[in-house]
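The values are calculated or read from the model by the stated rules, or taken from the named source; none is laboratory data. As the structure is a prediction and not an experimental result, all values here were calculated from the model. Cβ sites come from the backbone with ideal geometry, for glycine too, and all protein chains shown count toward neighbours.
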Amino acid sequence: MSSTLVFNPNTYAGKAAGTYLSAALLGAASLQKGYLKVVPNIKKKRVLRTLEQEVVFQDASCNFNADGNTTFGERYLAPVEMSVMYELCFKDLHQSWEADMLTGGSGKEQVPTDLAQFLIRRMQDKIAIGIEKLIWQGKVSADFTFTAAFPGLLALMEADAEVAKQKTSIGELAISGISIANPGVVTVASTATLKTGDKVTIVGANAATLVGGAAISGQSFSITVLSDTTFSLGVATTGTATGAAGKVQFVNHSNVIAVLSSLFNAVPDAVKHSPDFKIFVPMHIADAYRLAQAAVANGSGTYFSSDKPLNFLGFPLVELPWFNANTLVATHSNNLFFGTDLLADFNTLQIVDMRATTADQKVRYRANFSADVNYGFAREVVLYRPA
């Protein structure tokens, strides 16, 4: 499928302002900030060897008596090859307000330098976002059409029986009904612990209530509180209304301290006191923690504070932009791995003017790279998530 260039609206009326504006982007923070250990130069597959060794103290003796077991294990990184491809048609540029910026004369035009540079930077930024999504959430959206499986760290942890798991049950609310409407409305006993803008996850709904053609259970929504007992999901629901079953699970200002405490208490002592121990959270949980701290703050004003790194009991609380709602992970950074072929691939973009070869009046942009993720020791991970 060919990419398209859309101008909406096309408001050409002379000279353009000379710059291009775009929405804010949040790139691959996990790699930029060193939250995962990068393993480069993987052409096909790399084994991550794990070793657990038992040390037994015994009576002193002149005889040598070997004791204690050593267990070897293996995990793997097998980077998936993928590409990002985009093209611009000079005809589209001719019909837009970019026309006065084309240089070189009829049939020899060049894409305006500032537009070309903008598109390159933007593509690199969007690739970074895609990699961040893949790292944690895996291949879960229409942004990814490559055929290989890519579950992401959160799905790998969920599927691993040795990973310690907790469900988002602290403060959960029982559902007494979900309307079939646009937008759908959920009824609970009380919305006192909820606020407009909170992200909630529906679990265990007992009927065929759908959102976007998929079962509502497991989906997350940014809500609007309507009354003492109802809130809007902000999206249309279809199918059959649920009965008196299911739960609303969430992490917000009302329970975030209790959630973090529960997660922290489940982490093995050796892990939580390792130098690179971190708690990874989505942005809405980080904001809930800020609100909870502000509500009890002393000194320079309850809701006034300068920007500072988040921590829980002195341990880093890492805020990530592309992370499952109402989900937290506690582990140490040296236990998380990102595998690729060449790091340079993420900064390389091929640009080809097709007029000199195929006679297509197009310029093409292409980037090729590979990626995979995994963790070393499952027992050194604690996962808190809706279930």
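One residue alone among S227, S220 is closer than 22 Å to S141 by Cβ and in contact (Cβ under 8 Å) with a residue 12 or more places away in the chain, and that residue is S220. Of the residues Y365, Y375, the single one that is at pLDDT 80 or above and either charged (D, E, K, R) or over 30 Å from R75 (Cα atoms) (or both) is Y365. Look at the stretch 367-387: where a residue is over 30 Å from Q124 (Cβ atoms) and a partner is modelled with pLDDT under 90, sitting 6+ places away or on another chain with Cβ atoms under 7 Å, you get F377/T50.
When L134 is tested against (1) surrounded by fewer than 15 Cβ atoms within 10 Å (Cβ to Cβ); (2) within 20 Å of the chain's Cα centre (by Cα), just one condition goes unmet, and that condition is (1).
For the stretch 155-164, the criterion of being in a helix (DSSP H, G or I) and within 11 Å of the chain's Cα centre (by Cα) is met by no residue. Within the stretch 332-361, if we keep just the residues that are hydroxyl-bearing (S, T, Y) and under 19 Å from the mean Cα position of the chain (by Cα), the residue that is surrounded by the most Cβ atoms within 10 Å (Cβ to Cβ) turns out to be T340.
Residue count for the stretch 181-203, restricted to those that are assigned to a strand (DSSP E or B), polar (S, T, N, Q) and either in contact with a His (Cβ under 6 Å, 6 or more places away or on another chain) or over 16 Å from T237 (Cβ atoms) (or both): 0.
Considering the conditions (1) closer than 22 Å to R385 by Cα; (2) surrounded by fewer than 20 Cβ atoms within 10 Å (Cβ to Cβ), V235 is excluded by exactly one of them, (1).
Matching residues to (1) of a type outside the set (D, E, K, R); (2) more than 28 Å from L31 (Cβ to Cβ); (3) at pLDDT 70 or above; (4) over 33 Å from the mean Cα position of the chain (by Cα):
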{"position": "Q58", "(1), (2), (3), (4)": "yes, yes, yes, yes"}
{"position": "N69", "(1), (2), (3), (4)": "yes, yes, yes, yes"}
{"position": "D92", "(1), (2), (3), (4)": "no, yes, no, yes"}
{"position": "G104", "(1), (2), (3), (4)": "yes, yes, no, yes"}
{"position": "Q110", "(1), (2), (3), (4)": "yes, yes, no, yes"}
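Given the residues V259, V271, V296, which is the only one that is free of Cβ contacts under 8 Å to residues at least 60 places away in the same chain and either within 20 Å of P386 (Cα to Cα) or among the aliphatic types (A, V, I, L, M) (or both)? Checking each option against the conditions leaves just V296.
Check the stretch 175-183 and report whether any residue there is crowded, with 19+ Cβ neighbours inside 10 Å and either touching a Pro at 6+ places or on another chain (Cβ under 6 Å) or of a type outside the set (F, W, Y) (or both). Yes, the conditions are met somewhere in the stretch 175-183. L328 - would you say it is hydrophobic (A, V, I, L, M, F, W, C), modelled with pLDDT under 90 and in contact with a Phe, Trp or Tyr (Cβ under 9 Å, 6 or more places away or on another chain)? Spelling it out, it is not the case that L328 is hydrophobic (A, V, I, L, M, F, W, C), modelled with pLDDT under 90 and in contact with a Phe, Trp or Tyr (Cβ under 9 Å, 6 or more places away or on another chain).
Of all residues in the stretch 364-387, those that are in a strand (DSSP E or B), of a type in the set (F, W, Y) and under 18 Å from M157 (Cβ atoms) total 2. All of N265, N326, N252 fail the test of being under 23 Å from L383 (Cα atoms) and surrounded by fewer than 22 Cβ atoms within 10 Å (Cβ to Cβ), apart from N265.
The listed residues are A236, A286, A241, and the only one of them that is free of Cβ contacts under 8 Å to residues at least 60 places away in the same chain and more than 24 Å from I170 (Cβ to Cβ) turns out to be A236.
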